[in-house]
1. Mind checking which residues of region 160-200 are closer than 30 Å to G87 by Cα and of a type in the set (S, T, Y)?
2. So P265 passes all but one of these: (1) in contact with a helix residue (DSSP H, G or I) (Cβ under 9 Å, 6 or more places away or on another chain); (2) surrounded by 23 or more Cβ atoms within 10 Å (Cβ to Cβ); (3) closer than 25 Å to I149 by Cα. Which condition number does it fail?
3. Can you tell me which of L217, L205 is without any contact (Cβ under 8 Å) to a residue 40 or more places away in the chain and within 16 Å of ligand 2 (Cβ to nearest atom)?
4. So, in region 135-150, exactly how many residues are in contact (Cβ under 8 Å) with a residue 60 or more places away in the chain and assigned to a strand (DSSP E or B)?
5. Are any residues in region 262-297 within 15 Å of ligand 2 (Cβ to nearest atom), over 19 Å from T331 (Cα atoms) and not polar (S, T, N, Q), and if so, which ones?
6. Go through (1) surrounded by 17 or more Cβ atoms within 10 Å (Cβ to Cβ); (2) hydroxyl-bearing (S, T, Y); (3) without any contact (Cβ under 8 Å) to a residue 12 or more places away in the chain for Y102 and report which single condition fails.
7. Sort through G136, G190, G210, G156 and tell me the only one that's within 15 Å of ligand 2 (Cβ to nearest atom), surrounded by 17 or more Cβ atoms within 10 Å (Cβ to Cβ) and more than 17 Å from the chain's Cα centre (by Cα).
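The values are calculated or read from the model by the stated rules, or taken from the named source; none is laboratory data. Model, not experiment: these values are computed from the prediction. Here the Cβ positions follow ideal geometry from the backbone for every residue, glycine too, while neighbour counts run over all protein chains shown.
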Amino acid sequence: MTDATAGAGRTQAVRSRPAPVGGRVDIGTCRRVTVTAVSERGWRDDAALLADMRASGGPDTSQWLARWRPGNGAGSSTLVQVEALDGSRFAFLIDTGWDPAYMAGRYRDLGVDRMLRDGEVAFLYLTHEHLDHLWGVEAVLSVRPDIEILSPSTFGPEADRFLDGAEYPEAGARNRVPHTGRRVRLEPGGVHRLAPGVASVTFDLPILLGIEGEQSLFFHVADRGIVCVTGCCHQTITRFADYARENLAGGERLYGLYGGLHLAPFGEIEPDKEELIEALGSYGFQKIAANHCTGLPAVERMLALGYPVVRGSGRAGSRSDLYVGNGDSVTFG
Ligand SMILES: [Fe+2]
Ligand SMILES: [Fe+2]
């Protein structure tokens, strides 16, 4: 159903990209995008996560070999519903959280399991292989093992094996349901159009816990501008927003932002992230729905700076009603 996913074969590297127009890529437009945080809280206890990371060798250790204490995982997963200019709609899922049992509950609570069963989720878009985004994949595959998966081509062999059905006992990661559907690997180096007004870009960079690369989404909402949607934004918010400005038609008008911004992922604003928070104000976003690894202190700083932060309900396990949390939605358009 998508430009980028058209083609035969179960696995393929994708190079299908729209031609640049006037130096910038026109991804088309859509009418509206609604983003729902199925779960945005990666884990339950920051101190426990940091202690496990330290005990396993620090931030450069492989997440697949580290020892994560049982019971601390939750996870990041997002439902995206797109309305096209002609009024037709489709939905897809971003990431699958960490703990499969917890994620199965979240999918059930929001009716996503029914959507998966009824074929109402067009594809699963995996931003990166971090544990809190990928390791809950069994919760999706147990309902829909044949769902099409779009992953960045930077996925490591462990992540690919995990999708095929594998267990990493030391790390407490397990997927018992092999993926049987088509797998599309989106490569760095250009814009992949997924549908009119919907595009993906793979950012190639080393990321903590021994992984590489994150892909993020851009939506061009007619008469509004570009909406940037990210998993953890390890590429940094400035690189992400600059990409839209410099490479996308309509990028001079950045309208919305959703997702984790990795500013205070472990409870405090990281020392080098203050500048990023200030720089964020220069892009002119009209709606900022920052959650997950953005961290509450960073959201509070944005509010103090007068940014248009979208608030939530603070229910279903999120830490605060100051941001779009578990079960909350935001509509762009
Ligand atoms: Fe994350
Ligand atoms: Fe991450």
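1. Filtering region 160-200 for residues closer than 30 Å to G87 by Cα gives 181-186, 190-200.
Within region 160-200, just S200 meets the criteria.
2. It is condition (3) that P265 fails.
3. On the way: L217 fails: without any contact (Cβ under 8 Å) to a residue 40 or more places away in the chain.
None of the other options fit; the residue is L205.
4. Residues of region 135-150 in contact (Cβ under 8 Å) with a residue 60 or more places away in the chain: 135-136, 148, 150.
Adding the requirement that they be assigned to a strand (DSSP E or B) leaves 150.
Qualifying residue count, region 135-150: 1.
5. First, the residues of region 262-297 that are within 15 Å of ligand 2 (Cβ to nearest atom): 262-266, 270, 273, 290-295.
Remaining after also requiring over 19 Å from T331 (Cα atoms): 262-266, 270, 273, 293-295.
Within region 262-297, H262, L263, A264, P265, F266, E270, K273, C293, G295 meet the criteria.
6. (3)
7. Values: G136 fails: more than 17 Å from the chain's Cα centre (by Cα); G190 fails: within 15 Å of ligand 2 (Cβ to nearest atom); G156 fails: surrounded by 17 or more Cβ atoms within 10 Å (Cβ to Cβ).
Of the residues listed, the single one that is within 15 Å of ligand 2 (Cβ to nearest atom), surrounded by 17 or more Cβ atoms within 10 Å (Cβ to Cβ) and more than 17 Å from the chain's Cα centre (by Cα) is G210.
Residue-wise test of (1) part of a strand (DSSP E or B); (2) at pLDDT below 50.
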position	(1), (2)
M1	no, yes
A4	no, yes
Q12	yes, yes
S16	no, no
T36	yes, no
A48	no, no
